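The values are calculated or read from the model by the stated rules, or taken from the named source; none is laboratory data. Please read all numbers here as calculations on a predicted model, not as lab measurements. Here Cβ is always computed from backbone atoms with ideal geometry, including for glycine, and neighbour counts include all displayed protein chains.
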């Protein structure tokens, strides 16, 4: 947890980092150790920078290790429960002076949104004692199977290897089957995912498809079993009416997101709304916005939404669907008091984000080629 000097004792913010990996050294708690930050990003982490506005406003931050002891990335229900347990533990830590009436909010993006979305959905049934006032998350993988179909073979497809390994680790009834189905290359990918963080995995396994016979003996049919299909259904964030958020939700997603499917995120919002939830869903439909850049573009809106909820301002109306074609990072909506905190993000990304995720993708491609002797190994995704 992070406690600012001007800490309030009536609020708590859960910051869900996108761990997106199966290795213990990738957990947030390890990353906060002195000198442990991954150097692949030159010591810079957007997740950490996004904490600054909340700390500036005096909110205590809790950053849970949400994948559990088995590091089960993408096992959404488990991650949601772990997050709620982490919030409870923070509220019960006496030295902080928090209590049952403390207003709780949370934010996350991509893998962090996967976790927070499930925490929001499970909160009413699993942790009604937590006084949740708002959740904000974007680029949300609300359907594991749809995400596999959407992102396989793409530049960032390495995420899927870690995600599949996380799911089968969490569900013991399919663990043996999954390992039996992996080829030598598939087992090697598993070993690599279990010992490396996401930065390394997406570089090494760019443009791969775990559903090919290069990685799986049954190829495209590897997931065609009743047990796995049942798990995929259970991991649809909108699958169960009882799993519907009670606190107001801000969701946001790029229509051109190349990693996480937009359609399923919107479907989740609409389904939740039909079940009585209060959701404000923002579609970023600018052609230059994709997965990574949307996180930066929407940061100010996310902070604004949670700031208002934590300060007791009622959210206007019920479900709302907004379309935005801006690609500008606009911290001005928050006022001058947070200008210094957001200047850090501006210094790194510039006022305009984009085009697309060009800078991020260029860096990944360079590292991918370097790791493969200067060659672009896209053929791995084409073997059947």
> Considering only the range 129-150, how many residues are under 16 Å from residue 90 (Cα atoms) and either free of Cβ contacts under 8 Å to residues at least 12 places away in the same chain or touching a helix residue (DSSP H, G or I) at 6+ places or on another chain (Cβ under 7 Å) (or both)?
Replying inline: 2
>> Would you confirm, using the coordinates I've provided, whether residue 159 is at pLDDT below 95 and buried (at least 23 other Cβ atoms within 10 Å of the Cβ)?
In response: yes
>> Conditions first: (1) under 21 Å from the mean Cα position of the chain (by Cα); (2) farther than 16 Å from residue 222 by Cα. Residue 172 passes all but one, so which condition is the exception?
In response: (1)
> Looking at the range 122-153, which of its residues are more than 24 Å from residue 207 (Cα to Cα) and assigned to a loop (DSSP other than H, G, I, E, B)?
Replying inline: 127, 128, 129, 130, 131
> In the range 254-283, what residues are at pLDDT below 95 and touching a strand residue (DSSP E or B) at 6+ places or on another chain (Cβ under 8 Å)?
Replying inline: none
> Limited to the range 223-253, what total is found for residues that are crowded, with 20+ Cβ neighbours inside 10 Å and modelled with pLDDT under 95?
Replying inline: 0
>> Can you tell me how many residues within the range 171-201 are surrounded by 23 or more Cβ atoms within 10 Å (Cβ to Cβ) and touching a residue at least 60 places away in the same chain (Cβ under 8 Å)?
In response: 3
> Out of 159, 232, which single residue is over 30 Å from residue 305 (Cβ atoms), touching a residue at least 12 places away in the same chain (Cβ under 8 Å) and within 24 Å of the chain's Cα centre (by Cα)?
Replying inline: 232
